[in-house]
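The values are calculated or read from the model by the stated rules, or taken from the named source; none is laboratory data. Please read all numbers here as calculations on a predicted model, not as lab measurements. For neighbour counting, all protein chains shown are included, and Cβ atoms are generated from backbone atoms with ideal geometry for every residue, glycine included.
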Number of protein chains: 2
Amino acid sequence: MTTASPAAAVAITPEALLEHWQGHRRLTRRLIEAFPEDQLFTYSIGGMRPFGILVMEMLTIAAPMLHGVLTGEWNASWDHEELPKDEILRQWDQSTEDINRMWAQMPAEQFQEHVVAFGQYPGKVYEQLLYAIDNEIHHRGQGYVYLRALGIEPPAFYER
Amino acid sequence: MTTASPAAAVAITPEALLEHWQGHRRLTRRLIEAFPEDQLFTYSIGGMRPFGILVMEMLTIAAPMLHGVLTGEWNASWDHEELPKDEILRQWDQSTEDINRMWAQMPAEQFQEHVVAFGQYPGKVYEQLLYAIDNEIHHRGQGYVYLRALGIEPPAFYER
């Protein structure tokens, strides 16, 4: 276990990283809202997964990642259910609250600790959190193309 | 101008943020290599910009962002040239070196300073850098869909 010294240089504080993530999660929520419900689990380009499955993956990674870091329990299921859009949004909002609550419980030193996320992916806690955020941005970018191909104007990328 | 106190909690250090960015930039470089040259500035889905234009945008943001932060000079051009792939890769590698060199010159306190990037976008330096990274991930995600739609297997997202 490696921990940063208290005098380590700061690019991003824990508070700033949380706000950054929740800003992205607000944008992704707007994409879910904009996505036609009847295409959520069916529409695909190039054999890629439908947007609804990608969103379920985001939900499976986000709060469960923090739960795992805090408790050492990693128990996410990778079988993604096909849920109605309002239930997805309800789970999204629940995740938002869960992330805020767990983030407040995490000691600052923990960001530099080494963990094996979901029992499979080794890395420091901040790397795991960045991976969760990047995976969301990556798959949301895919959702932008799906929306455009469906003739729907997506929400602005720079608005959080 | 706001600066973090030396004892501020650290989620991500400057070194870690640079490594995170360059890891993403290595992945984007592999996507550029994988993209068929004759489709780079022509292929589009849903009226979105071709991948080559998005890559030129990334180049226009990345090193010029750091140059602006360090010098206060913001002079990026938003008219994106259509260049041959080998010239794009050459500019990409030059940017990699430029970013490493400028990053080493940046005092740690500067990450918390407020700037108006490119004379238009206000925010703290770390927010500007995260925006550059996020914009790259977002548009690269778009490139993944283009590649799949062209029948080409993209490089693995988790390999950096």
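Filter the range B:63-105 down to the residues that are charged (D, E, K, R) and over 20 Å from B:Ile133 (Cβ atoms) and list them by number.
The initial filter retains those residues of the range B:63-105 that are charged (D, E, K, R), namely B:73, B:79, B:81-82, B:85-87, B:90, B:93, B:97-98, B:101.
Across the range B:63-105, the qualifying residues are B:Glu73, B:Asp79, B:Glu81, B:Glu82, B:Lys85, B:Asp86, B:Glu87, B:Arg90.
Looking at (1) out of contact with any Lys or Arg (no Cβ under 7 Å at 6 or more places or on another chain); (2) of a type in the set (A, V, I, L, M, F, W, C); (3) in contact (Cβ under 8 Å) with a residue 24 or more places away in the chain; (4) more than 14 Å from every other protein chain (Cβ to nearest Cβ), which one does A:Trp78 not meet, given that it meets all the others?
(3)
Looking at the range B:144-159, which of the residues that are in a helix (DSSP H, G or I) and either facing chain A (nearest Cβ under 7 Å) or touching a His at 6+ places or on another chain (Cβ under 8 Å) (or both) is surrounded by the most Cβ atoms within 10 Å (Cβ to Cβ)?
Let us first name the residues in the range B:144-159 that are in a helix (DSSP H, G or I), namely B:144-149.
With either facing chain A (nearest Cβ under 7 Å) or touching a His at 6+ places or on another chain (Cβ under 8 Å) (or both) added as a condition, the list becomes B:144-145, B:148-149.
On the way: B:Tyr144: 23, B:Val145: 26, B:Arg148: 18, B:Ala149: 16.
Top of the filtered list is B:Val145.
Tell me whether the range A:59-74 contains one or more residues that are out of contact with any Gly (no Cβ under 9 Å at 6 or more places or on another chain), buried (at least 17 other Cβ atoms within 10 Å of the Cβ) and part of a loop (DSSP other than H, G, I, E, B).
No: the range A:59-74 contains no residue that is out of contact with any Gly (no Cβ under 9 Å at 6 or more places or on another chain), buried (at least 17 other Cβ atoms within 10 Å of the Cβ) and part of a loop (DSSP other than H, G, I, E, B).
Here is a yes/no grid of residues against (1) of a type in the set (Ser, Thr, Tyr); (2) surrounded by fewer than 14 Cβ atoms within 10 Å (Cβ to Cβ); (3) without any contact (Cβ under 8 Å) to a residue 24 or more places away in the chain; (4) out of contact with any helix residue (DSSP H, G or I) (no Cβ under 9 Å at 6 or more places or on another chain):
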position: B:Ala9; (1), (2), (3), (4): no, no, yes, no
position: B:Pro14; (1), (2), (3), (4): no, no, no, no
position: B:Leu17; (1), (2), (3), (4): no, no, no, no
position: B:Leu40; (1), (2), (3), (4): no, no, no, no
position: B:Glu82; (1), (2), (3), (4): no, yes, no, no
position: B:Ile88; (1), (2), (3), (4): no, no, no, no
position: B:Pro107; (1), (2), (3), (4): no, yes, yes, yes
position: B:Phe111; (1), (2), (3), (4): no, no, no, no
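Looking only at residues in the range A:118-127 that are touching a Phe, Trp or Tyr at 6+ places or on another chain (Cβ under 7 Å) and crowded, with 16+ Cβ neighbours inside 10 Å, which one is nearest to A:Arg25 (Cα to Cα)? Let's see the steps before the verdict.
Pass one, the range A:118-127, residues touching a Phe, Trp or Tyr at 6+ places or on another chain (Cβ under 7 Å): A:118-119, A:125-126.
Next, only the ones that are crowded, with 16+ Cβ neighbours inside 10 Å stay: A:118, A:125-126.
Numbers: A:Phe118: 21, A:Val125: 19, A:Tyr126: 17 Å.
Once the filter is applied, the top-ranked residue is A:Tyr126.
Across the range B:127-152, what is the total count of residues that are basic (Lys, Arg) and touching a residue at least 40 places away in the same chain (Cβ under 8 Å)? Even if it seems obvious, please write down each step before you answer.
Going through the range B:127-152, the residues basic (Lys, Arg) turn out to be B:140, B:148.
Right, trim to touching a residue at least 40 places away in the same chain (Cβ under 8 Å) and you get B:140.
Number satisfying all stated conditions: 1.
Of B:Gly141, B:Gly52, B:Gly68, B:Gly72, which residue is of a type outside the set (Lys, Arg) and within 13 Å of chain A (Cβ to nearest Cβ)? Spell out how you get there, then give the answer.
Working: B:Gly52 fails: within 13 Å of chain A (Cβ to nearest Cβ); B:Gly68 fails: within 13 Å of chain A (Cβ to nearest Cβ); B:Gly72 fails: within 13 Å of chain A (Cβ to nearest Cβ).
Among B:Gly141, B:Gly52, B:Gly68, B:Gly72, only B:Gly141 is of a type outside the set (Lys, Arg) and within 13 Å of chain A (Cβ to nearest Cβ).
For residues in the range A:1-26 being more than 10 Å from chain B (Cβ to nearest Cβ) and at pLDDT 95 or above, which is farthest from A:Gln110 (Cα to Cα)?
So, considering only residues that are more than 10 Å from chain B (Cβ to nearest Cβ) and at pLDDT 95 or above, the one farthest from A:Gln110 (Cα to Cα) is A:Arg26.
Residue by residue, here is whether (1) under 18 Å from B:Ala16 (Cβ atoms); (2) not charged (D, E, K, R) holds:
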{"site": "A:Glu87", "(1), (2)": "no, no"}
{"site": "A:Asp98", "(1), (2)": "no, no"}
{"site": "A:Gln112", "(1), (2)": "yes, yes"}
{"site": "A:Phe118", "(1), (2)": "no, yes"}
{"site": "A:Gln128", "(1), (2)": "yes, yes"}
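Return yes or no: is B:Arg49 more than 21 Å from B:Phe118 (Cβ to Cβ) and out of contact with any Asp or Glu (no Cβ under 7 Å at 6 or more places or on another chain)? Even if it seems obvious, please write down each step before you answer.
Details: more than 21 Å from B:Phe118 (Cβ to Cβ): no; out of contact with any Asp or Glu (no Cβ under 7 Å at 6 or more places or on another chain): yes.
No.
Considering only the range B:27-49, how many residues are more than 11 Å from every other protein chain (Cβ to nearest Cβ) and not in a helix (DSSP H, G or I)?
To start, the set of residues in the range B:27-49 that are more than 11 Å from every other protein chain (Cβ to nearest Cβ) comprises B:28-43.
Now restrict to residues that are not in a helix (DSSP H, G or I): B:35-36, B:40-43.
Total meeting the criteria: 6.
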